[in-house]
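This report concerns only the one structure given below.
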Amino acid sequence: MKKPIKEQKMVLIILLSNLFLVFLGIGLIIPVMPSFMNMMHLSGSTMGYLVAVFAVAQLLISPIAGRFVDSYGRKKIIIFGLFLFGVSELIFGLGTNVTVLYLSRILGGISAAFIMPGVTAYVADITSVQERPKAMGYISAAISTGFIIGPGIGGFVAEYGVRMPFFFAAAIAFLTCISSIFILKEPLTKEQLVEISARTKQTNFIGDLKRSLNPLYFIAFIIVFVLSFGLSAYETIFSLFSDHKFGFTPKDIALIITISSIFGVVMQIFMFGRLVDVLGEKKLIQLCLISGAILAVASTVISSFLTVLAVTCLIFLAFDLIRPALTTFLSKAADEQEQGFVAGMNSTYTSLGTIVGPMMGGILFDINIHYPYLFAAVIMVIGLSITVMWKEKQLVENLAK
């Protein structure tokens, strides 16, 4: 019998803190990257490659990490991921040449590939089907909040030196790693791990990809890709679009993104669980895709600061609600022995979208500044049409097993 969330507050707080602090660490280095770039005499393309290599490493390792989560247990993989993240940040802070920086970013991508499915599977293990939407909403909110607060803290810490944010990120990663060792307990028994491990050994990367084509999962994974693709393309192009079309200052752009992000997080925390109870995951995802497509088109015709702020807030909200809805759907669709696999493939498709989205957005932006948003709208409409093929009966039958 799984305990209610209110009886597992400490465990949930530690799990959410792990995600929050990792994404805080990723976000807090953003303000110092231009200074770091100048100090290291790095080109803009090199900085772009450093961003891409993180996503590529996460993409390649995510399926393997998902299998490890099922084989070795959730706790061990989470702790290993946190330790690796701390090492990657420490290396970046100490790095004096590009090769070392690439090594750091590769380790960072690997660490993210381990932490995300580990935490997601752990939360799925300890929560009931009824409370899982609320828990997944908390996970998404922890990630978003880390990104929001990160740059502000990074700017403050950077007052003590350009490399200090990296050392600060490493320190909090090691602290959360130590706290997880003592507070978290493996949610699965040894017998369950042995049983899952025996099944996992019969699979491989190609096998996992084939399993992800199962109609029960594949449509959700495609929408995960669409979401990641659209969000990363939107965020990558937004500052350029705002500068070229509206003449917004960096301060204006930062203000819009910050307010929109906070709005999305607040709505996640207080509204997501209720919306899932009323609409269900499928209808909520469809509503968000429709809204996102309309708002993406609207972004090409609006002009005033307040209008841009309002539209951006609603787009961020749509993306922020789709993410936990998809994660909840996938965790419900999978049985207890496939939580690691599903979480790992979720991370794989997310990484794939993060790699392709900015590249496609940049190419389209060079042709016409409106094309990235119009293309994003088309992608979301395609995603919406795909959800119509969702076999909800399959999910009901799986839950009844």
Next on the checklist: Based only on other Cβ atoms within 10 Å, what is the fewest-to-most ordering of Leu255, Leu275?
Outcome noted: Leu255, Leu275
Checklist entry - What ranking do 13-24, 361-372 get when scored by the average of other Cβ atoms within 10 Å per residue, highest first? => result 13-24, 361-372
Checklist entry - Using a simple charge model, +1 on the beta-carbon of Lys and Arg, -1 on the beta-carbon of Asp and Glu, nothing else, what dipole does the stretch 48-148 show about its Cα centre, in debye to the nearest 20? => result 100
Item to check | From phi via Karplus (6.51, -1.76, 1.60), per-residue ³J(HN,Hα) for the stretch 107-121 in Hz, x at Gly/Pro | outcome: 4, x, x, 5, 4, 5, 5, 7, 5, 4, x, x, 5, 4, 5
Item to check | Label-to-label distance, nm, for residues given as Leu306 and Arg274 (7 Å Cα→Cβ offset) | outcome: 2.6
Next on the checklist: I'd like the distance between the alpha-carbon centres of the stretch 65-140 and the stretch 260-283, rounded to an integer number of Å.
Outcome noted: 24
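Mind ordering 64-76, 300-312, 280-292, 319-331 by average Cβ neighbours within 10 Å, highest first?
Working: 64-76: 23.7, 300-312: 15.0, 280-292: 20.6, 319-331: 26.1.
With the highest mean Cβ count within 10 Å placed first, the list reads 319-331, 64-76, 280-292, 300-312.
Rule-based calculations on the coordinates, nothing more; no lab input. None of the values given here were measured: they were computed from a predicted structure. Counting neighbours? That spans all protein chains shown, and the Cβs are built from the backbone with ideal geometry, glycine included.
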